[in-house]
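What follows is a set of notes on a single structure, which appears directly below.
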Amino acid sequence: MKATFLIAPLATATATIEVRQHRYSCVKNNCVLQPLTSDNVAGTTSLNVCELTCGQGSLWPQPTSVSIGQDTVAISTWSTNHRLVFEGKPAYDVTPLVSSFKSAFSDALKFKAKEGNGKDIEITANIKSASEVLDLNTDESYDLSVDGIKVTINAATLFGYRHALTTLSQLVEFDEFSNTVRLVSKVTIKDSPAYKNRGITVDTARNFYSVEAVKRIIRTMALNKLNTFHWHISDSNAFPVESKTYPNLTAYGSYSASKVYNQADIRDVVKYAKTYGVRVVPELDAPAHAGSGWEWGPAAGLGELTLCYGANPWFESCVQPPCGQLNPLNDNVYKVLESVHNEWLSLFDSDVFHMGGDEVHVGCWNQSVAVYPFVKDRHDPKSFFHLWGEFQVRSAKVIEKAQKKVMLWSSDLTTPDFYKYLP
């Protein structure tokens, strides 16, 4: 028996479905979704515009004081007029740093939407100091006022000006109702940081980050007005930094040839960070956390630079594996450190240099014949703490000579009994 199947063409009809746009209103400083039947109801807007004008708006971090109006104005994302005045004198030629600030602001606007059919924003910035120095004492405060498309910025320094531009970019959003980019049309802001040092620590010794990944972190920091990138760049796991004076540090201390920060990379990161208002504070961790990259001393005729390297069981010699603790009684250790410190001082322009200085394990030095015969009492941990303190004092000389502030982790050495060793 044969079965016959009839296949008939299916008629399809396309119907245009109208998707109604959700509308929001500001209720007790919160944007609240309104029923779909609330088309054209007074006080309802798109979510983007509501978040711009509701409460203290979409500003982050919150400014010291802020007043935001309820109205917005359409602006262009393609062109912004900047007028800079330094110490009362118009600046007709701007430095590459200032140009980078302006470009970052322009990019932030274009990120909101590809097109903006409104008027150009007119920015007048009055800046007291044209200095491009970014350190712990840089004044990053600013005042920002918006009146229609006219924006006035008063800042103590270029970096306050940059923060003002970041805040201004947060006062702009795309409005799907009008298909325009909107700027809050009435704003008064006074802002200054609550803390001089605002940053994060990134460990690229235990986990290597590409230069582009480091830059991405810096860009994110700038959006949050963080100003310090603490670069934990060396540890017992790796020494992934090019050293021209002691290349063995790099040869022995890198995960692979592709996972090394050469000196051009570091200069590039430092320069890039400054364009985002971020200073880079390097950390050369010592005397603990110094294993990989330091184990070549005997073969080079320099003696043991690091002790307890790769010790097993590790917990008898270090806080975490792999172990490695510099030899505080080997003069060659200080020669290598002096050279590396000088190299890094030429690469980083920060006013602060982080020397690590934490988690020294007494057990490592106490079981090393290179150390314990020379301490007063190997059964008293304080004998080793004094040795540790003397190491910090001696190794800090190059940094202090360069008039840099020394930073250390808190540790047993930062207790009152050993304050005399602190820089």
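Laid out as a table, the results:
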item: Residue check for ILE123: at pLDDT 90 or above and farther than 30 Å from VAL270 by Cβ; result: no
item: Residues that are of a type in the set (Val, Ile, Thr) and either over 27 Å from the mean Cα position of the chain (by Cα) or farther than 21 Å from GLU283 by Cβ (or both), drawn from the range 381-402; result: VAL393
item: Candidate set from the range 403-423 (those that are more than 24 Å from the chain's Cα centre (by Cα) and among the aliphatic types (A, V, I, L, M)); member that is farthest from SER346 (Cα to Cα); result: LEU413
item: Of residues in the range 141-171 being of a type in the set (D, E, K, R) and assigned to a strand (DSSP E or B), the one nearest to LYS225 (Cα to Cα); result: ASP143
item: Test: VAL202 is of a type outside the set (S, T, N, Q), in contact (Cβ under 8 Å) with a residue 40 or more places away in the chain and crowded, with 16+ Cβ neighbours inside 10 Å; result: no
item: Enumerated helices (runs of 4 or more DSSP H) restricted to the range 194-310, each holding at least 1 residues that are within 30 Å of SER106 (Cα to Cα) and within 13 Å of the chain's Cα centre (by Cα); result: 211-223, 263-275
item: Residues located in the range 373-416, provided they are assigned to a loop (DSSP other than H, G, I, E, B) and aromatic (Phe, Trp, Tyr); result: TRP409
item: Filtered residues of the range 172-188 (kept if in contact with a strand residue (DSSP E or B) (Cβ under 9 Å, 6 or more places away or on another chain) and outside any strand (DSSP E or B)); result: PHE177, SER178, SER185
item: Residues (crowded, with 18+ Cβ neighbours inside 10 Å and not β-branched (Val, Ile, Thr)) located in the range 171-192; result: LEU171, GLU173, PHE174, ASP175, ARG182, LEU183, SER185, ASP191
item: Selection within the range 232-250 - surrounded by fewer than 16 Cβ atoms within 10 Å (Cβ to Cβ) and in contact (Cβ under 8 Å) with a residue 60 or more places away in the chain; result: LYS244, THR245
item: Cross-chain or 6+ apart pairs with Cβ under 8 Å, the range 399-418 first and free of Cβ contacts under 8 Å to residues at least 24 places away in the same chain, then in a loop (DSSP other than H, G, I, E, B); result: GLU400/PRO423; THR414/LEU408; THR414/LEU422
item: Condition check for LEU168: in the same structural domain as SER103 (by TED's automatic domain parsing) and either within 30 Å of GLU132 (Cβ to Cβ) or not β-branched (Val, Ile, Thr) (or both); result: yes
item: Options PHE229, PHE159: the member that is buried (at least 21 other Cβ atoms within 10 Å of the Cβ) and in contact with a helix residue (DSSP H, G or I) (Cβ under 7 Å, 6 or more places away or on another chain); result: PHE229
item: Selection count, the range 170-226, where residues are aliphatic (A, V, I, L, M) and under 30 Å from ALA238 (Cα atoms); result: 11
item: Near pairs, Cβ below 9 angstrom, 6+ apart or cross-chain, from the range 271-282 (not assigned by TED's automatic domain parsing to the domain that holds ALA156 and at pLDDT 95 or above) to any residue that is of a type in the set (Gly, Ala, Ser) and part of a strand (DSSP E or B); result: VAL278/GLY199; ARG279/GLY199; VAL281/GLY199
item: Options VAL49, VAL66, VAL41, VAL85: the member that is modelled with pLDDT of 95 or more and of a type in the set (A, V, I, L, M, F, W, C); result: VAL66
item: Complete set of residues in the range 322-333 that are touching a residue at least 60 places away in the same chain (Cβ under 8 Å) and part of a loop (DSSP other than H, G, I, E, B); result: PRO322, CYS323, GLY324, PRO328
item: Extreme residue, surrounded by the most Cβ atoms within 10 Å (Cβ to Cβ), among residues of the range 374-392 that are of a type in the set (A, V, I, L, M, F, W, C) and without any contact (Cβ under 8 Å) to a residue 60 or more places away in the chain; result: PHE384
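The values are calculated or read from the model by the stated rules, or taken from the named source; none is laboratory data. All figures in this text were calculated on a predicted structure; none of them were measured in a lab. Note that each Cβ is placed from the backbone with ideal geometry, even for glycine, and that neighbours are counted across all protein chains shown.
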